Every structure is written in C-alpha cells, then in structure tokens.
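Take a look at the structure below.
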Amino acid sequence: MDIVANYHPVFKAFLAGSFSGTFSTILFQPLDLVKTRLQNPSQHVVAATVNGRIQPGMITIFVNIIRQEHIAGLWRGMVPSIARCVPGVGLYFSSLHWLKSKMGKSRQDLGALEAITLGVVARSMSGIALIPITVIKTRYESGVYKYNSLTGALKAIYKAEGFRGLSCGLGPTLARDAPFSGLYLMFYTQTKQAIPKEYLQSPASASVVHFSCGIIAGIAASLATNPADVLKTKMQLYPDKFPNAFSAAMYVHQTYGVRGYFKGAVPRMLRRTLMAAMAWTVFEEITRSIGLK
C-alpha cells in the first residue's frame, strides 16, 4: 500500500475501483445471468405459459440452469463480465474523482444535482468505452450465442455485423447506466449527509453505514432504469430484429404489456444494489488505506 500511495490520485481511484469491482462481479454473476435469461425467456426455459406466453420465474431459471448446465453454469459469461465490470468500475471511480477534482469538490460537498450530473458523465464515459464488451457479455449470458472465447466473440461479431454489431444497444445502455449512476450517487451522497459524522468516522460502524447507504440508493436507482435494461438486452441479442430502441419498446409492450419493461427487475435489483453497495464500501475502505481521502 505504501507504493500505491505515491501514485497519481486518479490512478489510485482507478485501482481502488477495479479491486472493488472484482469481488462484487464474481460474487453476483449468477444474478446477472438469471436477469438476462428472464428477459429472453424462450431460451433453455421450461415453464408454465400464461396466455400462450412463457412466464418463467427467477427460481425456475435457477433450477433450469443448474439442471442443464450444472452449478458452474451460473457463472456463464464470467470472463466478459470481469472484462467489462472490473475496468468499467475502475474507469467510473477514476472519472468521478477526476471530475470532482476539476470542480474542487469532495463527495461530502456534492449537492443532489451535482451528484446526478457527475454520476451521469462518469458512467457515460466508461459505458461508451466498454460497449463492445457489454454486447459480448449479454450474448454469453443469454445462451443464444456459442462463442469460444472473448477474442473469438469480438472477431465473429465484427465479421458478421461490423462495428454496428459491437456497439448495438449503446443508446439503451447509456439510458440505463448513466441515470442509474447519477441517481445512485445522488441517493448515496444525500443519505450519507443525513447520517451523523461520528458514525462515518468510526472504524467500527463506517463500513456498515456505507453498505446501508448503498442498499438504499441501489433499490431506487435499479427500479427506475430497468426498462432501458430490457430494451438493451433485446437489441444486443437480436440486432436484425430490433435495429433501434423504438422497435424493441414496441415489441415488449405488444408482447408483455407494461410489465414487460420490468422483466428481470428482481435479480437485477438484487445484483446492482448489492454490487454497488459492496463496490462503494470496498472503495471507501481502500481509498482510506492508500491515502486518497
């Protein structure tokens, strides 16, 4: 840690964010896999039908994955998930630190509007940079595509669909991630500001407070951005069928109604909430230990 303490603050923020992202990505990958399968229910699902439509639940998806792909199948797509989330979290935290330093602000000084703006800009920067990996991650998890490796997937998509294939679903991805990060950061900072400082400064309670603030922020932000996540999944799995967000939205509405926009909301809310809470908790602890605060 003494060596890291001498690094540039932005690079230290990147390292802290990457470390925090690694643990949470591995731990909560099964929830992300189940979320993707819920949003694409025609694949590898045995479930009852309602009005002629497959209506699998979260438990049904879990059981089917274990039955057909064994326990290891719950971590399908782990490589692209790490390739996306780990540098993505690092880029997000380092971008956030850089933007705050340019504004001369600390996290404790951010107002609600400033927190939303910084969260949106920071997540947009990392989201655009990593959209090809996001496409591959979604396709890996869906079970629709059979890629042998991350590199092989990149080559196959570029050869068949060109650059458009590697960036499909960018609009809904940003419409999901940017507002999520902005709303999350707003709720997180505002909740922290409402807590007495002695609890934040106490080593015994600081981690619990950070994690609790993350849980509260994650629940609200996840629900608000789930419709965009559904559209992103449809566009990235079937780019020929859904060339834009409007066509995907019309299909979801006509097929499932308003409830269709919240398919996969429970596992996504659990994953994003717990993952974000853990990432922020680990990030806070690492930044304190390497002298970033």
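The values are calculated or read from the model by the stated rules, or taken from the named source; none is laboratory data. Keep in mind the model is a prediction, meaning the values are calculated, not measured. Glycine gets a Cβ as well: all are built from the backbone with ideal geometry, and neighbour counts include every protein chain shown. These accessible areas exclude ligands, DNA and RNA; they are computed on the full protein's heavy atoms, side chains included. Shrake-Rupley method; radii C 1.70, N 1.55, O 1.52, S 1.80 Å.
Scanning the chain for helices, which whole DSSP H stretches are 27 Å or more long along the axis (Cα) and average 0.0 or more by Kyte-Doolittle?
On the way: long enough: 9-39 (40 Å, 0.59); 78-103 (36 Å, 0.56); 170-193 (34 Å, -0.09); 203-237 (46 Å, 0.78); 265-289 (35 Å, 0.23).
Helix filter hits for the chain: 9-39, 78-103, 203-237, 265-289.
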(request) Compute the relative contact order of the chain as a whole-number percentage, counting only Cα pairs closer than 8 Å that sit 6 or more residues apart in sequence. (result) 27 percent
(request) Could you tell me what percent of the accessible area of the chain is made up of carbon and sulfur, with a 1.4 Å probe and every protein chain present? (result) 67 percent
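Under the √(5λ) rule applied to the eigenvalues of the Cα gyration tensor, what semi-axes describe the equivalent ellipsoid of region 141-272? Give them in Å, descending. Mind dumping the intermediate values first?
Details: eigenvalues 256, 68, 30 Å².
Square roots of five times the eigenvalues give 36, 18, 12 Å.
Within region 79-152, list the trypsin sites (Lys or Arg not before Pro) lying in a DSSP loop whose Cβ has at most 10 other Cβ atoms in a 10 Å radius.
Hits after loop and neighbour filter: Lys146.
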(request) Heads up, I need the accessible area for Val34: 1.4 angstrom probe, whole protein in place, Å², nearest 10. (result) 0 Å²
(message) Ignoring solvent entirely, what values of log10 I(q)/I(0) come out of the Debye formula for the chain at 0.06, 0.08, 0.09 Å⁻¹ when each Cα is a single scatterer?
(response) -0.20, -0.35, -0.44
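Loop-only trypsin sites (Lys or Arg not before Pro) in region 190-254, please: DSSP not H, G, I, E or B, and at most 11 other Cβ atoms within 10 Å. Please report the intermediate quantities before stating the final value.
Details: sites: Lys192, Lys197, Lys232, Lys234, Lys241; in loops: Lys241.
Passing sites in region 190-254 are Lys241.
Accessible area per residue for region 224-293 in Å², computed with a 1.4 Å probe and the full protein assembly in place, what is it? Don't skip to the answer; put the middle values down first.
Values: 2840 Å² over 70 residues.
In whole numbers, region 224-293 has 41 Å² accessible per residue.
Rg to Rh for region 166-221: what is it, with Cα atoms only and Rh by Kirkwood? Walk me through the numbers before you get to the answer.
Details: Rg = 14.8 Å, Rh = 12.5 Å.
Rg/Rh: 1.18.
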